[in-house]
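What follows is calculated from the coordinates using simple rules that are stated; it is not laboratory data. Since the model is a prediction, treat every value here as computed from it, not as a measurement. Cβ coordinates were reconstructed from backbone atoms using ideal geometry, including for glycine residues, and neighbour counts include every protein chain displayed.
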Amino acid sequence: MTTLSQDINHHISEPLLAAYAAGSLESHYALVVAAHVSMCDECRARLAAHEAAGAAVMECSVSKNISPRAKSDVMAMLDQPAPAPEVSYTRSGVFPAPVMAALKGKPPKWKPVGFGVRQSILHADKSGSVRLLYIPGGEAVPEHGHRGIELTLVLQGSFSDETGRFGVGDVEIAGDDLDHAPIADKGDACICLAATGAPLRFTSLVPRIFQPIFRI
Ligand code: ZN
Ligand code: ZN
């Protein structure tokens, strides 16, 4: 399989990668990080460095702060291999293994949300959501702002907005200060994996009508 890594220009930021390595990133963002890491050699190497540093810090604090007996118990626990997941998923078409795991191996259930745009919600709760978006070439996602950060990973095609152009493997990290209207580049439909921390704010009237359908 050819690697995409050399074509990726927009990566996971250092704080997000550190939070992911520490296991403290909310699950909807963690899925986007896992999917990007599965496509990107550079971030895979950076993540390995974070995990090695995290393990060293843990051993160090275990050594300093607890009794030898408790320490040996903790170290025994750390030595145990993590339980293997019951099913392991592999990349299928444009969907990386972590996305296939979220889909439980099935094709996405697309729902139309207007202007040819379709979405498939993988997970949503009060703290945020993660979804697949299908945007026909040349079409726009309604302009919106964010109450939390939004992570968008391109799986197929490309899109552009006020901040730049994003192709396969690229991640856009949009803060809550950004109001933007991503437009799929002409040609192939753009398929993205997008996670947000809270409902999106749409800035114009018409898209607001779509918000209950979008559930974002
Ligand atoms: Zn990367
Ligand atoms: Zn956005």
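Remarks
- Whole-Hz couplings from phi, Karplus 6.51/-1.76/1.60, listed for region 105-110; x for Gly and Pro: x, 9, x, x, 8, 7
- Exposure proxy ranking, count of Cβ atoms within 10 Å, fewest first, for LEU16, LEU178: LEU178, LEU16
- Charge context of LEU47, other residues only, Cβ under 13 angstrom, K/R +1, D/E -1: -2
- Interchain or long-range residues, amide H under 5 Å from LEU122's placed H: VAL130, ARG131, LEU132
- Pairwise centroid distance, computed over Cα atoms, of region 30-53 with region 91-124, Å: 22 Å
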